[in-house]
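What follows is a short report on a single structure.
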Amino acid sequence: MGVSKEEAAKRIEELRQQIRYHEKKYYVDNDPQISDYEFDCLVKELEQLESLYPDLITPDSPTQRVGEQPVEGFPSVVHSIPMLSLDNCYNQEEFLEFVQRIEKLLPGEKIEFVTELKIDGLGIAIIYRGGHFAQAITRGDGFRGDDVSANVKTIRSLPLSIPLQAEVEVRGEIYLPFSSFEKINQEREAKGESLFANPRNAAAGTIRLLDPREVAQRNLDVFLYYIFVNGQSQESQWQNLQLLKELGFKINPHVRLCGSVKEVIDYYEYWKDRRDDLDYDVDGIVVKVNSTRQQQALGSTAKFPRWAIAYKFPARQATTKIIDIKVQVGRTGALTPVAILEPVQLSGTTISRSTLHNEEEIRRKDIRIGDYVLIERSGDVIPKVVSVMKERRTGQEKPFSFPTRCPVCGSPVFKPEGEVISRCINPSCPARLRESLLHYASRRAMNIEGLGEALVDQLLAQKLVQSIPDLYHLKKEDLVKLERMGPKSAQNLLDQIEASKHQDLARLLYALGIRYVGERTAQTLAEHFQSLEALSKASLEELLALPDIGPKVAESIVFFFQQKENQELIRRLKEAGVRGEAKVTTEPTAQPFVGLTFVLTGELEHYTRDEAREIIERLGGRVTSSVSRKTSVVIVGRNPGSKLQKAKDYNITIWDEEEFLRQAGLEK
Ligand code: IVH
């Protein structure tokens, strides 16, 4: 390459500007302007020119994010302005007390608040001098932190140069998106390494890695929320955020300026219910008095500012003790170990049990009776044990040995080669019957309201029911003898049972509890076979030809109908009047969404999520919860979550509600 130094210097500057622009577009704005390939070409060209003239390399060149050498450690540094922590509150009453304290100190003044999400990550301070990245320091104890500059520099959304020459210090939160966290844990599991309990721990582990090249692989990210220019804040927190944005920093898109306390509470309620839509963990909101003058008037205690507070969401993780491990038998005969816990508050409810999944899981996590454990609940799923706090062991903990006989009926248990789940071999095990009845009656199956655990237990204990079809022979005079059962509720139950006879075939198939036949598969089978009779005669080949039905499912269906006791079950149901009627469809058979996978994000105006899902499925589409490269369409409502950004990143078709309704032929 015959490039003179002057030419190289000029081109290097051009390339840096272009690369910085595209990095910002990609990592900060989620709005890529060029392909990855084109971007890589720019970086390669810059690398080549810099290797030709190494003295033109500057530390803030985009090629210098990842240092080649491991660092020697993290020197301790004093913060020029202490990094205070935040006082917490946990409910509306406590939050209103905070507001009252402020109002008292600022009599008669109008107070605006800025609300932000409280990112569950690591506090960081980043210093720029002369427009260049100079140093990044962890929060530490608030007065002194560790210099982690080399690692923070690898965060691609963070600009290494900014259009402001002054001494600038920005503060924010380093975090690891859930998607990256899961990937890291999968890799660790494959290598047999211990897993990180949550994204925060993973981020903390990552920021202390000695090799920046490794850090760069981990996809850390940062939201900034504070800026000092020559040690001074702007006139308000809102202006701080705007300035950060103007300078090219990534601020959280969900910040809000609130003119009233009600708006703050609405913001809290809104995000409390939607935190799961975000690709990062938030543990509450942070409420800040907007005006800097008011902030100064309010001042700080030794630990906390008086002008801000963290209003926490109900915790999703908690520690508690395992008092015992019991084994439950499900409707397929599967034995599931369950930890009996010292009761603990989690996401607003008291938790006293947690599933341990299977024997293998107990071994892998080395869970013992008497252990202190970290439990977690995400979304509305049942809580699970995340990890054992081995450092709290006293030596009194007892390892658990998995039973070789069914704890309910005493029959031997069987674990097929290569499977992790043990099953009771007795098809008429009472535990299986109990669970089968509950499933049969459940809302999405035959929907027999009132037939819950307490009633099923009584029916079994009184031997009024010994198989599912027995439900259809229950008599009012038997029912009224049961506890808490008057003539009125007995009649209601009988009416409900009677009504269930007319449930359609798809529900009946699902209700039968055939292994691997969930609601969707049941739907497919019902549509194709139209009757229980036809399905019971289906061959493997015939089943395999259907969409979404693989060998495991097909074999399970054939096996189910081969069993004598199931044939008897179906005969008796039919006799009782349960036919599993095929749905009479007056709808057109056209299914415009066949083969398409949808993801929903944000609130729709005309439908709930469940309704939207039903529409999509009726038209042949599928709905999944997270955006991947396989997603065909993302439907975006009001206040969408990070799924929208992901859809843009992957170049996935995006529909707003109106477009969705148009495509579904449902224009309003
Ligand atoms: S403001 C004096 N804003 O939460 C102001 N902090 O529990 C202090 N955090 O140490 C920080 N998101 O690391 C602020 N939007 C946000 C935040 C936030 C997360 C962290 C921060 C702080 C800790 C306090």
Inset, instruction - Could you order 60, 324 so the one with the most accessible surface comes first? Probe is 1.4 Å. - result: 324, 60
Inset, instruction - With a ≥ b ≥ c taken as the square roots of the eigenvalues of the C-alpha gyration tensor of segment 218-267, please select rounded if a/c is under 1.5 and otherwise prolate if a/b is larger than b/c or oblate if it is not? - result: oblate
Legend entry - Reach of residue 463 by Cα under 18 Å, taken over lysines that are not fewer than 8 positions away in the same chain: 475, 476, 481
Inset, instruction - Just order 171-177, 564-570, 428-434, 50-56 by mean Cβ neighbour count inside 10 Å, highest at the front, would you? - result: 171-177, 428-434, 564-570, 50-56
Inset, instruction - Only Cα pairs under 8 Å and at least 6 apart count here; give the relative contact order of segment 253-337 as a rounded whole percent. - result: 21
Inset, instruction - May I ask which residue of 424, 403, 487 lies farthest towards the positive end of the charge dipole of segment 378-524, with charges of +1 (Lys, Arg) and -1 (Asp, Glu) on Cβ and the Cα centre as origin? - result: 403
Inset, instruction - Determine, from the Cβ-Cβ distance of residue 401 and residue 654 and an R0 of 51 Å, the FRET efficiency 1/(1 + (r/R0)^6), rounded to the nearest 0.05. - result: 0.45
Legend entry - For the chain, Cys with no neighbouring Cys Cβ under 4.7 Å: 41, 89, 258
Inset, instruction - Please give the length that would be gained between residue 235 and residue 583 if that part of the chain were fully extended, namely 0.36 nm times their separation in residues minus their C-alpha to C-alpha distance (nm, one decimal). - result: 118.8 nm
Legend entry - Nearest-0.05 FRET efficiency for residue 391 and residue 194, computed from C-beta distance (R0 22 Å): 0.95
Legend entry - Distance between modelled label sites at residue 567 and residue 488, nm, 7 Å Cα→Cβ extension: 4.7
Legend entry - Accessible surface of segment 1-111 [probe 1.4 Å, protein heavy atoms]: carbon and sulfur percent: 52
Inset, instruction - Could you rank 446, 485 by how accessible they are, 1.4 Å probe, largest area first? - result: 485, 446
Legend entry - Average accessible area per residue (Å²) across segment 458-548 - probe 1.4 Å, nucleic acids and ligands excluded: 53
Inset, instruction - Treating the angle as unsigned and between 0 and 90°, give the value, to the nearest 10°, between the Cα long axis of helix 564-576 and the longest Cα principal axis of the chain. - result: 80
Legend entry - Computed E for residue 496/residue 90 - FRET, C-beta separation, R0 35 angstrom, nearest 0.05: 0.30
Legend entry - the chain - percent relative contact order, Cα under 8 Å, separation 6 or more: 9
Inset, instruction - Pull out a ≥ b ≥ c, the square roots of the eigenvalues of the alpha-carbon gyration tensor of segment 315-446, then state rounded if a/c is under 1.5, prolate if not and a/b is larger than b/c, and oblate in the remaining case. - result: oblate
Inset, instruction - Please list 206, 524 in order of solvent-accessible area, largest first, computed with a 1.4 Å probe with all protein chains present. - result: 524, 206
Legend entry - Listed residue pairs exceeding 29 Å between alpha carbons, taken from 183/365; 262/648; 24/262; 384/574: 262/648; 24/262; 384/574
Inset, instruction - State the Cα centre-to-centre distance between segment 638-664 and segment 268-311 in whole Å. - result: 30
Inset, instruction - Round to the nearest 10 and report in Å² the accessible area of residue 319, as given by a 1.4 Å probe over the protein chains' heavy atoms. - result: 60
Inset, instruction - Please report how far the C-alpha centroid of segment 469-500 lies from that of segment 352-373, rounded to the nearest whole angstrom. - result: 40
Inset, instruction - Give me the number: length gained by fully extending residue 3 to residue 166, i.e. 0.36 nm times residue separation minus the C-alpha to C-alpha distance, one decimal in nm. - result: 55.2 nm
Legend entry - Three-way shape label, the chain, alpha-carbon gyration tensor, a/c 1.5: prolate
Inset, instruction - Among the lysines, select those whose C-alpha is under 20 Å from the C-alpha of residue 10, and discard any that sit fewer than 8 residues away in the same chain. - result: 44
Inset, instruction - Figure the gain on full extension for residue 364 and residue 43 (residue separation times 0.36 nm, minus the Cα-Cα span) and round it to one decimal in nm. - result: 111.2 nm
Inset, instruction - Give me the distance in nm between label points sitting 7 Å out from Cα along the Cα-to-Cβ direction at residue 576 and residue 474, one decimal. - result: 1.0
Inset, instruction - Measure nothing but the geometry: give the 0 to 90° angle between the long axis through the Cα atoms of 519-529 and the longest principal axis through the Cα atoms of the chain, rounded to 10°. - result: 50
Inset, instruction - Take each of the peptides 622-634, 639-651, average the number of other beta-carbon atoms within 10 Å over its residues, and list them starting from the highest. - result: 639-651, 622-634
Inset, instruction - Using only Cα atoms, find the angle between the long axis of helix 551-562 and the longest principal axis of the chain, and express it within 0 to 90 degrees, rounded to the nearest 10. - result: 20
Legend entry - For peptides 395-402, 271-278, sequence by mean Cβ density within 10 Å, most packed first: 271-278, 395-402
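The values are calculated or read from the model by the stated rules, or taken from the named source; none is laboratory data. Bear in mind that the values here come from a model prediction, so they are computed numbers and not experimental data. Because the Cβ atoms are built from the backbone with ideal geometry, glycine has one as well, and the counts that use them run over all protein chains shown. Quick note on the areas: whole protein, heavy atoms, side chains included, nothing else; ligands and nucleic acids left out. Shrake-Rupley method; radii C 1.70, N 1.55, O 1.52, S 1.80 Å.
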